[in-house]
Amino acid sequence: MALLDTPLCDFGWQAPDFTLSDAHGKIHTMSEHMGENGLLIAFICNHCPYVKTIANRLATDTDELITNGINVLAVMSNDYRDYAEDSPENMIKFAAQHGFNFPYLVDETQEVGKAYGAICTPDFFGLNKKGELQYRGRLDNGAMGSSPSELANRDRELFNAMMQVGKTGEGPRQQNASMGCSIKWS
């Protein structure tokens, strides 16, 4: 397990549309899930310790985003043939265990992960309602904040950024790169 950082946000990058199945076999198209105020795409997997650490908070924060018109899709791009814990059957269990109320999709060919330039799990892509990238970062800035205001807001970095995207169409210019385990390419 190597800790990786992702590139910072390429503001305005037009997110490519995609169609993937969830672990139950139901088809989902990214553009059909665009919310009235944007869309959050989370590249995650089941076995990553970083994802395991944030999964419950991700579920509660995304529930609130969804009620504010920002829809959510999670994409699992790992090669689950080599990482059985990431299999579709285990994705169903993981999503239920953590209370995910958004589609958790299998990137069987890994084409979506590559098209987005996803590097690690978790890796978050926040789009405005036009499908333009406005946030690429982590769930929070962890223990990096030292002032009381930074510490008070650290658990809501992704949430606050997406709420800003939903209200203004633009993300914050100050963002912290995602950190996590590398995506397991075939």
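General remarks:
- Exclusive hit being touching a strand residue (DSSP E or B) at 6+ places or on another chain (Cβ under 8 Å) and either modelled with pLDDT of 95 or more or on the phi > 0 side of the Ramachandran plot (or both), set Ala55, Ala59, Ala2, Ala15: Ala15
- Criterion (crowded, with 20+ Cβ neighbours inside 10 Å, free of Cβ contacts under 8 Å to residues at least 40 places away in the same chain and in contact with a Phe, Trp or Tyr (Cβ under 9 Å, 6 or more places away or on another chain)) met by exactly one of Asn78, Asn71: Asn71
- For beta carbons closer than 8 Å, sequence separation of 6+ or different chains, a first residue in the range 169-181 that is touching a residue at least 12 places away in the same chain (Cβ under 8 Å) and a second that is surrounded by fewer than 16 Cβ atoms within 10 Å (Cβ to Cβ) and assigned to a loop (DSSP other than H, G, I, E, B), the qualifying pairs are Gly169/Lys130; Glu170/Phe11; Gly171/Phe11; Gln175/Leu8; Ala177/Pro7; Ala177/Leu8; Cys181/Met1; Cys181/Ala2.
- Listed by position, the strands (runs of 3 or more DSSP E) enclosed by the range 1-113 that each have at least 3 residues that are touching a helix residue (DSSP H, G or I) at 6+ places or on another chain (Cβ under 7 Å) are 38-43, 70-76.
- The set of residues in the range 69-104 being farther than 17 Å from Leu139 by Cβ, more than 13 Å from the chain's Cα centre (by Cα) and polar (S, T, N, Q) consists of Asn78, Ser87, Asn90, Gln97.
- Looking only at the range 125-181, and only at residues there that are of a type in the set (D, E, K, R) and within 27 Å of Lys52 (Cβ to Cβ), the one that is modelled with the highest pLDDT: Arg136
- Hey, Thr60 of a type in the set (S, T, N, Q), over 15 Å from the mean Cα position of the chain (by Cα) and exposed (fewer than 15 other Cβ atoms within 10 Å of the Cβ) or not: no
- Yes/no for Phe124 being closer than 21 Å to Trp13 by Cα and outside any helix (DSSP H, G or I): yes
- Cross-chain or 6+ apart pairs with Cβ under 7 Å, the range 14-29 first and within 24 Å of Glu85 (Cβ to Cβ), then of a type in the set (Asp, Glu) and surrounded by 12 or more Cβ atoms within 10 Å (Cβ to Cβ): Leu20/Asp107; His28/Asp22
- Every listed requirement among (1) free of Cβ contacts under 8 Å to residues at least 60 places away in the same chain; (2) out of contact with any Lys or Arg (no Cβ under 9 Å at 6 or more places or on another chain) is met by Ser87 save one, (2).
- Residue match in the range 112-119 (condition: over 17 Å from His47 (Cβ atoms), among the hydroxyl-bearing types (Ser, Thr, Tyr) and modelled with pLDDT of 95 or more): yes
The values are calculated or read from the model by the stated rules, or taken from the named source; none is laboratory data. Quick caveat: nothing in here was measured; it's all calculated off a predicted structure. Every residue, glycine as well, gets a Cβ built from its backbone with ideal geometry; the counts of neighbours run over all protein chains shown.
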